Amino acid sequence: MNNEGINIDEKLLKHLQELSHLKLEQDEQETLKNDINKILDYIEKLKEVEVEDVDKQITPVENNMELRPDEPVDFENKEQIIELFPDSEDRYLKVPKIY
């Protein structure tokens, strides 16, 4: 790999695994390390693209769609949603904890 910035080595990959709570097998680690380094190489190539003379655009496609007003709307069938949800308490829907 020839990216000039960050290079993913075993030490950094181990640190990233710990941060993301992943446990990878050795072959998966090698594959992931190679894939990340390829992505970093590609980013380095993108940095070389000349964009000084390119017109800046918010979006490359004109969006002429008319949007509906952003206003709250009461849902008439709240009880059915609560009944269909896997876990609820009183009128609250319970979801698994996110770490």
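Rule-based calculations on the coordinates, nothing more; no lab input. Just so it is clear, the structure is predicted and the values come from calculations on it, not from any experiment. Here Cβ is always computed from backbone atoms with ideal geometry, including for glycine, and neighbour counts include all displayed protein chains.
Charges only on Cβ, +1 for Lys and Arg, -1 for Asp and Glu: so what's the dipole of region 1-73 about the Cα centre, in debye to the nearest 20?
Values: 9 positive and 20 negative charges, 64 e Å.
Charge dipole, region 1-73, about its Cα centre: 300 debye, nearest 20.
As a quick test, which of the pairs Lys11/Lys45; Lys11/Lys33; Lys11/Lys38 have an alpha carbon distance above 20 angstrom in this structure?
Flagged as over cut-off: Lys11/Lys45.
Just add up the charged neighbours of Ser88: K/R +1, D/E -1, any other residue whose Cβ is under 14 Å from the Cβ of Ser88.
Computed value for this residue: -2.
With loop defined by DSSP as not H, G, I, E or B, and exposure as at most 15 other Cβ atoms within 10 Å, which is the longest segment of the chain clear of exposed trypsin sites (Lys or Arg not before Pro)?
The reported range is 57-90.
For the chain, what does -39500 (n - 2.57) per DSSP helix run (n ≥ 4), summed and divided by total residues, give at 222 nm, in deg cm²/dmol to the nearest 500?
Value at 222 nm, helices only, nearest 500: -13000 deg cm²/dmol.
Under 10 Å, Cα contacts only: if you run a Gaussian network model on the chain, which one of Gln17, Gln80, Gln26 comes out with the highest mean-square fluctuation?
Checking each option, the largest mean-square fluctuation is seen for Gln80.
How much net charge surrounds Lys33 when only other residues with a Cβ under 12 Å from its Cβ are counted (Lys, Arg +1; Asp, Glu -1)? Each step should come with its number before you reach the end.
Working: positive: Lys11, Lys14, Lys38; negative: Asp9, Glu10, Asp27, Glu28, Glu30, Asp35.
Summing Lys/Arg as +1 and Asp/Glu as -1 gives -3.
Gain in length, Asn34 to Glu66, computed as 0.36 nm per residue apart minus the alpha-carbon separation, to one decimal in nm? Don't jump to the answer; show the numbers that get you there.
Working: separation 32, 0.36 × 32 = 11.52 nm, distance 4.49 nm.
That pair, Asn34 and Glu66, stretches by 7.0 nm at full extension.
Evaluate E = 1/(1 + (r/R0)^6) for Ile82 and Glu18, where r is the Cβ-Cβ distance and R0 equals 35 Å; express this FRET efficiency to the nearest 0.05.
0.35
What are the residues whose amide H is under 5 Å from the amide H of Ser88, where those residues sit 5 or more places off or on another chain and H is modelled from the backbone?
Amide H to amide H, under 5 Å and 5 or more residues apart or across chains, Ser88 pairs with Lys94.
Given a Förster distance of 25 angstrom, what is the FRET efficiency for Asn7 paired with Lys56, based on the Cβ-Cβ distance and rounded to 0.05?
The pair Asn7/Lys56 has a calculated efficiency of 0.20.
Find, among the GluC sites (Glu not before Pro) in region 26-56, those assigned to loop by DSSP (not H, G, I, E, B) with at most 14 other beta-carbon atoms within 10 angstrom.
Taking region 26-56 and a limit of 14 other Cβ atoms within 10 Å, the loop GluC sites (Glu not before Pro) found are Glu48, Glu50, Glu52.
Can you find, among Gln57, Leu22, Val95, the residue sitting farthest towards the positive end of the charge dipole of the chain, where Lys and Arg contribute +1 and Asp and Glu -1 at Cβ?
Leu22
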